[in-house]
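A quick write-up on the structure given underneath.
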Amino acid sequence: MVNTNIILAGVGGQGLVMTTKIIAEAAYLSGLDVKTNDVVGLSQRGGKVWGSVRLGEKVFSPNVRPGEVDILLGFEALEGRRFRKELKKDSSVAIVNKYQMVPTLVQQGKEEYATDIEEELNKYAGKLIYEDFTQKAVELGNKAAANIVLLGACSVYVKDIPEEKWVESIVKSVPPKFVELNKEAFALGRKLAK
């Protein structure tokens, strides 16, 4: 079994930490070894955050070496672009939300918001899924479910975790009143990725 390396990138408040937890739980429930790492640092709502998940038969570190990312989950377009060079050439999948949530550094004038995001992602990803996942979540009734729509798309490319383990992990991780919404969001993400 080959390990799967996932990088998650977004800004504070988009559910990156919860998504990391759901992936790890689904891997654990599937009998896989899993390690995670969240780099939230001093970020508050609007600050950039990222994390990694490595899963497989035996994983020794949560850190993914440059150029060895199998799946990039970009919760926000610019933050997804930031990790494009970490992708495995040709065999990787980048699942990136077109939604723009201007990061703090751009608001402060320290960085510019790139205009070549899709073009740059296409240069590095074996396959690119570039959708407005936030709008898809809005159409389901709650913008906050965008992370689970992304997760559903991701699940299609993590072959070692059965669909029912993903759903079991979601049920364990979200408040009961949001379970059905998140199940719908997950199913929509899977549909978008196929």
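The values are calculated or read from the model by the stated rules, or taken from the named source; none is laboratory data. This one's a predicted model, so the numbers in the text were calculated from it and none came from an experiment. For neighbour counting, all protein chains shown are included, and Cβ atoms are generated from backbone atoms with ideal geometry for every residue, glycine included. Surface accessibility is based on the protein's heavy atoms, side chains included, excluding ligands, DNA and RNA. Shrake-Rupley method; radii C 1.70, N 1.55, O 1.52, S 1.80 Å.
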* Report the equivalent ellipsoid semi-axes for the range 48-131 in whole Å, largest first, defined as the square roots of five times the eigenvalues of the gyration tensor built from alpha carbon atoms. => 24, 15, 10
* Which of the pairs Lys123/Lys194; Lys58/Lys194; Lys35/Lys191; Lys88/Lys123; Lys48/Lys88 have their Cα atoms more than 19 Å apart in this structure? -> Lys123/Lys194; Lys58/Lys194; Lys35/Lys191; Lys48/Lys88
* To do: Taking only protein heavy atoms into account and a 1.4 Å probe, give the accessible area per residue of the chain in Å².
  => 48
* **Global form of the range 89-194, assessed from the alpha-carbon gyration tensor, a/c cut-off 1.5** => oblate
* How do Glu180, Glu76 stack up against each other in accessible area, from largest to smallest, with a 1.4 angstrom probe? -> Glu180, Glu76
* Amide H to amide H, which residues 5 or more places from Gly12 or on other chains are under 5 Å from it, using H placed in the peptide plane? -> Gly46, Gly47, Lys48, Val49
* Using Cα pairs closer than 8 Å and at least 6 residues apart in sequence, work out the relative contact order for the range 70-182, in percent. => 25
* Structure fact -> Given Cβ charges of +1 for Lys and Arg and -1 for Asp and Glu, the option among Phe60, Ala187, Met101 whose Cα lies farthest towards the positive end of the dipole of the chain is Phe60
* **Counting DSSP beta bridges with both ends in the range 23-158, the antiparallel % (nearest 5)** => 40
* **Carbon + sulfur, % of accessible area of the chain - ligands and nucleic acids excluded, 1.4 Å** => 50
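Chymotrypsin sites (Phe, Trp or Tyr not before Pro), restricted to the range 1-89: which are DSSP loop and have at most 11 other Cβ atoms within 10 Å?
Here the sparse-neighbourhood loop sites are Phe60.
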* Kindly state, as a whole number, the per residue volume in cubic angstrom of the convex hull around the alpha carbon atoms of the chain. => 108
